[in-house]
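A.B. asks: One structure is given below, represented as structure tokens, and several questions about it will come after.
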Amino acid sequence: MRTNVVKVLWTGRLKYGPSVRLQKILFNLHNKQLNNETCNTLLLVEHDPVYTIGIRNKNYTEKDEKKLRNLGAEFYKTDRGGLITFHGPGQLVAYPILNLKQFNPSIKWYVCQIEQMIIRLCAEFNILGTTSPDTGVWVKDKKICAIGIHGSRYITTHGLALNCNTDLTWFDHIVPCGIEGKGVTSISKELDMNVTIEDVIPKFQNVFQEVFQSSLIPYPQNEASELLRNVKNCI
């Protein structure tokens, strides 16, 4: 079985706007070189506080936006699936920019693979993660990982957000993913100990390789530096 090469780019802390621009650049590389599998990229990010809503936004008003911005967070409308969620410090956000024709040309398959990957990752920390009729990965009735993706010509953008040692009080101001009566949790909360993004990334990369039957390689340093410089300087 063929193993696809995926380049890993860990940006560290990055505001949401530059991450969207970076995803667009990486997406466009696929369109320019559709047969070049090395365009596949696993973008790993830790965001400054931001609330984002997907295409099913349930008509969030300017008043709602202002309320959330006044908390000290940014607010963005996006083209991903799903409803409102929070991204911020202590949360590992992964944006796989993949050409699914090189893996399995099915968005449903892709979402299932992400869920199974996070369930395996949770098991690495002796946490029982499960799926439910609602997208994402759950620990009992609390979501530990949110998923919201976008696909165009089988090229993926957006992705998943895994709570490592996130301040979960940010979620108190919204109905996470629009699901009433359920909560959120984190790896740190479940283990009652501090587990950082840096603790999680090596295990995350291992399970990604296993589930997506791929080989991860570092994004070339000079190219990564130029990409990040361009997106951060873009107004």
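A.B. asks: Give, as a single signed number, the net charge of other residues whose beta carbon lies under 15 Å from the beta carbon of residue 207, with Lys and Arg counted +1 and Asp and Glu -1.
C.D. replies: Its environment carries a net charge of -2.
A.B. asks: Can I ask one more? Could you tell me the ratio Rg/Rh of region 47-183? Both radii from Cα atoms, Rh via Kirkwood.
C.D. replies: The Rg/Rh ratio comes out at 0.96.
A.B. asks: Rounded to the nearest 0.05, what FRET efficiency is calculated for residue 193 and residue 48 with R0 set to 22 Å and r the Cβ-Cβ distance?
C.D. replies: 0.35
A.B. asks: Take residue 210, project a point 7 Å from its Cα along the Cβ direction, then tell me which residues of region 96-140 have their backbone nitrogen under 16 Å from it.
C.D. replies: 113-130
A.B. asks: Report P(r) for the chain: all Cα-Cα distances, bin width 10 Å, range 0 to the bin holding the largest distance, values in whole percent.
C.D. replies: 7, 34, 39, 18, 2, 0
A.B. asks: Continuing with the same structure: Given an 8 Å cut-off on Cα distances and at least 6 residues of separation, report the relative contact order of the chain as a percent.
C.D. replies: Across the chain, relative contact order equals 23 percent.
A.B. asks: To continue, here is another question. With the crude spin-label approximation of a point 7 Å out along Cα→Cβ, what separation in nm comes out for residue 76 versus residue 25?
C.D. replies: 1.4
A.B. asks: Please report the antiparallel percentage of DSSP beta bridges with both residues in region 1-119, rounded to the nearest 5.
C.D. replies: In region 1-119, DSSP labels about 45 percent of beta bridges as antiparallel.
A.B. asks: Does region 116-172 classify as rounded, prolate or oblate by the C-alpha gyration tensor (a ≥ b ≥ c root eigenvalues; a/c under 1.5 gives rounded; else a/b over b/c gives prolate, otherwise oblate)?
C.D. replies: In terms of gyration-tensor shape, prolate.
A.B. asks: Tell me the relative contact order for region 3-135 as a rounded percent, counting alpha carbon contacts under 8 Å between residues six or more apart.
C.D. replies: 26
A.B. asks: Test of understanding: extend the Cα→C-beta vector of residue 63 to 7 Å, then name every residue of region 156-175 with backbone N under 19 Å from that spot.
C.D. replies: Of the residues in region 156-175, 173-175 have backbone N under 19 Å from the label point off residue 63.
A.B. asks: Same structure, new question: Find the eigenvalues of the gyration tensor of the Cα atoms of region 129-203, then list the square roots of 5 times those eigenvalues as equivalent ellipsoid semi-axes, largest first, in whole angstrom.
C.D. replies: Three semi-axes, in Å: 21, 17, 12.
All of the numbers you see were taken from the coordinates with simple rules; none came from a lab. Keep in mind that what you see is a predicted model, and the values were worked out from it rather than measured. Because the Cβ atoms are built from the backbone with ideal geometry, glycine has one as well, and the counts that use them run over all protein chains shown.
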